[in-house]
Amino acid sequence: MSTATDVNKPKVQPRPSGRKLSLAQVMIGVAGLLVLISIVRLITGADGITSVGQMSTALKLAVPIGLAGLGGLWAERAGVVNIGLEGMMILGTWFGAWAGYQWGPWTGLLMGVVGGAIGGLIHAIATVTFKVNHIVSGVAINILAIGATRYMSTFAFEGVEGGTSKQSPPVESLGSFSIPGLSTWLDSLNEKGWFLISDIAGLLGGAMTNLSPLTVIAIALVPFTWWALWRTSFGLRLRSCGEHPVAAESLGVNVYKYKYLAVIISGGFAGLGGAFLSIVSASFYLEGQTGGRGYIGLASMISGNWMPGGLAMSAGLFGYTDSLNLRGGGVNVHALLLLLVFLLVIAIGWQLWSKRYVPAVITSAVAALILVWYLLTDEVPSQFVTATPYVATLLVLALSAQRLRMPKADGLPYYKGQGK
């Protein structure tokens, strides 16, 4: 028997119902994708899409995005949205180059982390203590970072040998290394053009050739983040602040402290990503150097479902598509149009099996248009090659939207003692 109280109860918004993929399912999916890529390479003759050089460049481009994404992950798991990742990366590029050209690259990396952490501290003060809207605070930090670095560059770099008001003097390189023997063997195996084997060799060879020490550190930070947040009591308390801060406080967790720590660590990760750009990628600071990578890192974190592994895969996808702009872009992206057709055909089969006929018809039309485009051209325009990373990011976000689950209290203001 229903009552007035039952009728007036607020309706609970349903959470995304997508079932979480297991590690085995993810590995099967990756293996299937590699098979499709290998088939596309054999059909099109575009050997560059899985070459060692292509994969090495992709890894280098993915690292700063992945570090920014890890920064966003730490903040949002504690319930603080960090749109200010771009500004924190900018601070990291400037502080990294400023300290790097004077005291060496390793000091530069440390100062890059400090610069980003300063941005994180400002964001924490604004959002946690003063309850400023997280988006407004993040945008303000981005603007502040642009203005501050431009002002500081005038005094720090102008008049110094090799420096200008928009560029720092050159920074000493951290150096690079390849895995002895193994990288050469994988490179030669990749050049043979064998089905699947050469493609796997290209993927592995890219991860073992011309590596910066910071690249190795950045890769190690992905499993470290998973361990710290999901396998330690510290991580449990931090994540509880992003899921249910009232319950966390009732169990003795200092919610403010954990939010502050998370956002400062978040800024440090973003600052390290910025320092990578000014010390490893370019060996100098240049105004506008981040190029929106902080925003892409945030998108990678979201499409990765607020998980380190998913984030790393999304960052890798962006790095790979971005690398196409540097190595045989028009031809390689044209070959990937055929891969996209294959993926859409699989999606059509899934939609028909699920009896979703209208989406299947729409997907079929899109697949047909892309196939016609592929058949009637030999390569894509350079403008499309430049836009490919951003198009790929939007596609991943759109296709993964139904499976995403953000922390329940993400972006919500919290007042100490509000559960009493």
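Quick notes on this one:
- Other residues lying with their Cβ under 13 Å from the Cβ of GLU287 contribute a combined charge of +1, Lys and Arg counting +1, Asp and Glu -1.
- Relative to the Cα centre, the charge distribution of the chain, modelled as +1 at Lys and Arg Cβ and -1 at Asp and Glu Cβ, gives a dipole magnitude of about 1800 debye.
- Positive end of the dipole of the chain (Cβ unit charges, origin at the Cα centre): among SER314, GLY252, THR184, the Cα lying farthest that way belongs to GLY252.
- Label corresponding to volume of the Cα convex hull per residue in Å³ when calculated from the structure given, among [x] 176; [y] 185; [z] 135: [x]
- Cβ-defined net charge surrounding ILE135, 15 Å radius [Lys, Arg +1; Asp, Glu -1]: -2
- In the assembled protein chains, ASP322 presents an accessible area of approximately 30 Å² (probe radius 1.4 Å).
- Extension gain, SER188-PHE130: 0.36 nm per intervening residue step, less the Cα-Cα distance, totals 15.0 nm.
- Top positive-direction residue, dipole computed over the range 225-364 with Cβ charges, set SER303, ILE264, VAL358: VAL358
- Candidate residues GLU249, GLU161, GLU76: accessible-area rank, largest first, probe 1.4 Å: GLU161, GLU249, GLU76
- Ranked order, ILE135, ILE279 - accessible area, probe 1.4 Å, largest first: ILE135, ILE279
- Largest accessible area first, the residues TYR256, TYR414 order themselves as TYR256, TYR414 under a 1.4 Å probe with ligands, DNA and RNA left out.
- Dipole magnitude of the range 60-194 about its Cα centre (Cβ charges: Lys, Arg +1; Asp, Glu -1), debye to nearest 20: 340 debye
- Using the average count of surrounding beta-carbon atoms within 10 Å as a protection proxy, the listed peptides 81-93, 365-377, 197-209 rank, highest first, as 81-93, 197-209, 365-377.
- Members of LYS131/LYS166; LYS355/LYS408; LYS60/LYS257; LYS60/LYS408; LYS131/LYS257; LYS257/LYS408 lying beyond 23 Å, as alpha-carbon distances in this model show: LYS131/LYS166; LYS355/LYS408; LYS60/LYS257; LYS60/LYS408
- Å² of accessible area per residue within the chain, as computed with a 1.4 Å probe and no ligands counted: 49 Å²
- Loop chymotrypsin sites (Phe, Trp or Tyr not before Pro), the range 184-250, which have at most 16 other Cβ atoms in a 10 Å radius of their Cβ (DSSP): TRP194, PHE195
The values are calculated or read from the model by the stated rules, or taken from the named source; none is laboratory data. Owing to the predicted nature of the structure, the values given are computational and were not obtained by experimental measurement. Glycine also receives a Cβ, built like all others from the backbone with ideal geometry; neighbour counts cover every protein chain displayed. Keep in mind that these areas ignore ligands, DNA and RNA; they rest on the heavy atoms of the full protein, side chains included. Shrake-Rupley method; radii C 1.70, N 1.55, O 1.52, S 1.80 Å.
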